[in-house]
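The structure appears right after this line, and notes come after that.
The values are calculated or read from the model by the stated rules, or taken from the named source; none is laboratory data. These numbers were taken from a predicted model, which means no experiment stands behind them. Methodologically, a virtual Cβ is constructed for each residue, glycine included, from the backbone with ideal geometry; neighbour enumeration extends over all protein chains shown.
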Amino acid sequence: MEIFDISRALSNELAPWPGDTPFHFELKWKMAEGATVNVGAVNMGVHNGSHADALFHFEPNGETIEGMPLDIYFGAAVVADLTKIFGQTGEQNRTRQVTVADLEPWAASFASAPRLLLKTGVWKDSKQFPDWIPVIAANVPFWLQGHGVRLIGLDLPSVDAIEAKKLVNHYALAAAGIAIVESLDLSRVESGSYQFSALPLKISNGDAAPVRAILWRN
């Protein structure tokens, strides 16, 4: 069995969403200074690194992360490689959305693998927050729902534009019954079908939670 770690590493150098609480790890007890064990402490916003959004993130009365059904985050998935479209940094790509036509080549796989992972190649360096990210077109959530997709994951920090004041795609995906996992690292995997796991930490009343996301093939 081949396992692919598709999580972004949580480190003190990880770029947070602008204005959010950055990740910080510190050893509070240090064996090098005479402690019996090493003991670390973490301070962070829950949207740092690879994470799952709860409905409560954008819906005041939505489900919090510990109540999200775990089976959504575990099972067959399809990686759709869109790097030929979005991997270039030219200004001409900055108005380009992820369209239904872009996703059609993988549509036949959704019946057996109802989780879609989008590889764009836009966010290459986790230490530098991107100044632009592509977003899905308005009709994509409904189209994915029609094909039985239950989860969308992507190698970007959000399913909505960085400058968005209203999270239109978050709402549309929620209405379509599609869970969201953001900030994956898909740089070392190719298109195709995999088994997927990205279980969110059980944070009571959380709007999101970090995940350790992996893919594997037998």
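The residues on offer are 38, 12, 43, and the sole one that is loosely packed, with under 14 Cβ neighbours inside 10 Å, touching a helix residue (DSSP H, G or I) at 6+ places or on another chain (Cβ under 6 Å) and either within 30 Å of residue 218 (Cβ to Cβ) or at pLDDT 95 or above (or both) is 38. Evaluation of residue 127 against the conditions (1) crowded, with 20+ Cβ neighbours inside 10 Å; (2) in contact (Cβ under 8 Å) with a residue 40 or more places away in the chain shows that the sole unmet condition is (1).
Here 87, 45, 75, 67 are screened, and the one residue that is without any contact (Cβ under 8 Å) to a residue 24 or more places away in the chain and under 19 Å from the mean Cα position of the chain (by Cα) is 67.
Looking across the range 141-161 at every residue that is farther than 16 Å from residue 181 by Cβ and in contact (Cβ under 8 Å) with a residue 40 or more places away in the chain, the one that is surrounded by the fewest Cβ atoms within 10 Å (Cβ to Cβ) is identified as 147. Against the definition (in a loop (DSSP other than H, G, I, E, B) and among the charged types (D, E, K, R)), how does residue 20 come out, yes or no? Criteria met by residue 20.
Give the range 20-41 a look and list any residue that's within 30 Å of residue 69 (Cα to Cα) and free of Cβ contacts under 8 Å to residues at least 24 places away in the same chain, or say none. Within the range 20-41, 24, 25, 41 meet the criteria. Summed over the range 173-193, the residues that are surrounded by 20 or more Cβ atoms within 10 Å (Cβ to Cβ) and either at positive phi or of a type in the set (Phe, Trp, Tyr) (or both) give a count of 1. Return yes or no: is residue 65 at pLDDT below 95 and surrounded by 14 or more Cβ atoms within 10 Å (Cβ to Cβ)? Criteria not met by residue 65. Within the range 168-218, the set of residues being more than 14 Å from the chain's Cα centre (by Cα) and assigned to a strand (DSSP E or B) comprises 192, 193, 194, 195, 216, 217.
Among the conditions (1) out of contact with any strand residue (DSSP E or B) (no Cβ under 8 Å at 6 or more places or on another chain); (2) more than 24 Å from residue 214 (Cβ to Cβ); (3) buried (at least 16 other Cβ atoms within 10 Å of the Cβ), residue 137 misses just one, which is (1).
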